[in-house]
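A short write-up of the structure that comes next.
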Amino acid sequence: MPDILQDGIAWLHRRRAEHMASPATYVRAGQAGGVTVHVTASQIRCERLDAAGLPVEACAMDFIASAAELAADPEPGDTILFAGRRCEVTALGGEPCWRWTDAGRLARRIHTRDTGEA
C-alpha cells in the first residue's frame, strides 16, 4: 500500500526546489571552493543569553537544502554563501546545527549566523 503522506511530502519537496529555491555555495570548514546547492532561506529570531546571563535577541538564517544536493551532514564552522552574505553553520538555542525537515529525510534545515559580506 502506498504511503500517501510520504508521497505528499515528496511532492511538496519537489515544488519547493522548483519554485522557492535559489543557488548558494556550501563550503566545508577548512576547505577551499565549495558546491552549489539550491536553498530556501528564512530569517528567524531567537533569544540567547549574553555573558552576563541577560537575554539578547539574535537573528539567524535558516536554509533548507535538498539531501540529494548536500550528501554529507552539515557541521559547525561550515559556510553558506548566499545573496552576497557569508553565513556560518552554527547550533542555535540548544539545538544541533541542522535537522531533517521530514521523516523521509529529503531535506535538511541548517541553522546559520550571518558573519558579513561574502
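Points worth noting:
- Estimated at the nearest 10 Å², the accessible area of His19 is 140 Å² with a 1.4 Å probe.
- Interchain or long-range residues, amide H under 5 Å from Ala118's placed H: Arg85, Arg86
- Added length on full extension, which subtracts the Cα-Cα distance from 0.36 nm per residue, Gln31 to Thr115: 28.5 nm
- Where the Cα pairs of the chain fall when distances are cut into 5 Å bins, in %: 2, 11, 20, 23, 17, 12, 8, 4, 2, 1, 0, 0
- Scanning residues 5 or more positions from Asp78 or on other chains, those with amide H under 5 Å from its amide H are Ala29, Val89, with H placed 1.01 Å from N in the peptide plane.
- When shorter helices are ignored and each DSSP H run of at least 4 residues is given -39500 (n - 2.57), the per-residue value for the chain at 222 nm works out to -4500 deg cm²/dmol.
- Think of a 1.4 Å ball rolled over the protein heavy atoms: the chain then has 61 Å² of accessible area per residue.
- Angle in degrees between helix 4-19 and the longest Cα principal axis of the chain, rounded to the nearest 10: 60
- Multiplying the residue separation of Ala68 and Met20 by 0.36 nm and subtracting their alpha-carbon distance yields 15.6 nm.
- Multiplying the residue separation of Ala91 and Asp50 by 0.36 nm and removing their Cα-Cα distance gives an extension gain of 13.2 nm.
- Label point distance in nm, Leu5-Gln43, each placed 7 Å from Cα along Cα→Cβ: 3.4
- Note on the chain: with neighbouring protein chains present and a 1.4 Å probe, carbon and sulfur make up 55 percent of its accessible heavy-atom surface.
The values are calculated or read from the model by the stated rules, or taken from the named source; none is laboratory data. Just so it is clear, the model here is predicted, and its values are computed rather than measured. Heads up, the Cβs are rebuilt from the backbone with ideal geometry, glycines too, and the neighbour counts pull from every protein chain shown. With ligands, DNA and RNA removed, areas are computed over all heavy atoms of the protein, side chains included. Shrake-Rupley method; radii C 1.70, N 1.55, O 1.52, S 1.80 Å.
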